[in-house]
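Notes to accompany the following structure.
What follows draws every value from the coordinates through simple rules; no lab data is involved. Predicted model, so just to flag it, every value in this text is computed and none were measured.
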Amino acid sequence: MAGLQVPTQDLDMYVSELTDRDFIVTSMHNFKDLRGGQEGTGDTQTLLLWGADSSSMNLDRIISTLKEITPEIPYS
């Protein structure tokens, strides 16, 4: 289990990125961005909690996949 903070306005894109790559999104929690929002990200953020099935994904695959996804996050 781990989490990613993403702009709520882009939530569908990040959920698709994770699920298309065999990650399991277990829950999502919206919250107001206390930083006042960054340009282009809106004032609401979402914490995505996700997991991976260890029988189909080893740690190397998890890390390499996250390296592909996280550069797209505006504040990674």
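Figures for the structure shown
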item	result
The chain, relative contact order in percent, only Cα pairs under 8 angstrom and at least six apart counted	37 percent
Length released on extending from Thr70 to Met1, taking residue separation times 0.36 nm less the Cα-Cα span	23.2 nm
Nearest-ten-degree value, helix 11-20 long axis tilted from longest Cα axis of the chain	10 degrees
Cα-based helix-to-principal-axis angle, 59-69 vs the chain, degrees rounded to 10	30 degrees
For the chain: Kirkwood Rh in Å [reciprocal of mean 1/r, alpha carbons]	12.9 Å
